[in-house]
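The values are calculated or read from the model by the stated rules, or taken from the named source; none is laboratory data. Being a predicted model, the structure only gives us computed values, none of them experimental. Counting neighbours? That spans all protein chains shown, and the Cβs are built from the backbone with ideal geometry, glycine included.
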Amino acid sequence: MSGSLFSMALHLIVDGYNLLAQTSRTGGGVSLHSEMARESFLRDLAAYRQRKSHAITVVFDGWQQGWGTEQREHRLGLQIIFSRRGEKADQVIQRMAAEFGSACAVVSSDREIIDCAKAQGAFVMRAQEFAGKLREAPDLTGAVAHKELDRGEDVRPKRSSEKRGNPRKLPKALRQRSRRLKQF
């Protein structure tokens, strides 16, 4: 497969409970691990998938009360994985990041997962960052891109007088990250 194919069909690997904790609208004593909270969360992800057309795999922990084998199901256009008993979702996500490499993006705020995914060449978004993308209204790309970049703070480094180049331009790494984020 060519590199251009991957940029169109990016595989999104989501740390289920990690993102659910960020997006949760649960209240009144409803557990994050409840079926109701999970289903609402999965419907939100399915709506996001409809807007963006990325393949999405959501990985949940099943290691404490899970099955002896990894459980996989396809529902709402999503691949849902519950790790097997004795294995954490983190391990499944790390394994998938190694398998897909730069053809995937990983959504998690777990430091170990982030480090592993980056080492495999995957694009990484923190759960809080992606939670904002999940709540975005569809087809407001122009307005959203400006809102996303304007945080009211100057992210450009202070330059000394001997530096060359456009002082109003973001550093190359930040520009590249911004371009990748627009895919989501």
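What the table below lists for this structure:
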read-out: Qualifying residue in the range 91-114 (condition: touching a Cys at 6+ places or on another chain (Cβ under 6 Å), free of Cβ contacts under 8 Å to residues at least 60 places away in the same chain and either crowded, with 19+ Cβ neighbours inside 10 Å or under 14 Å from residue 18 (Cα atoms) (or both)); value: yes
read-out: Conditions (1) in contact (Cβ under 8 Å) with a residue 24 or more places away in the chain; (2) closer than 18 Å to residue 21 by Cβ; (3) surrounded by 19 or more Cβ atoms within 10 Å (Cβ to Cβ); number of the one not met by residue 128; value: (3)
read-out: Count of the range 44-94 residues which are under 14 Å from residue 12 (Cα atoms) and not hydrophobic (A, V, I, L, M, F, W, C); value: 11
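Residue by residue, here is whether (1) modelled with pLDDT under 95; (2) on the phi > 0 side of the Ramachandran plot; (3) aliphatic (A, V, I, L, M) holds:
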site	(1), (2), (3)
56	no, no, yes
63	yes, no, no
79	no, no, no
84	yes, no, no
87	yes, no, no
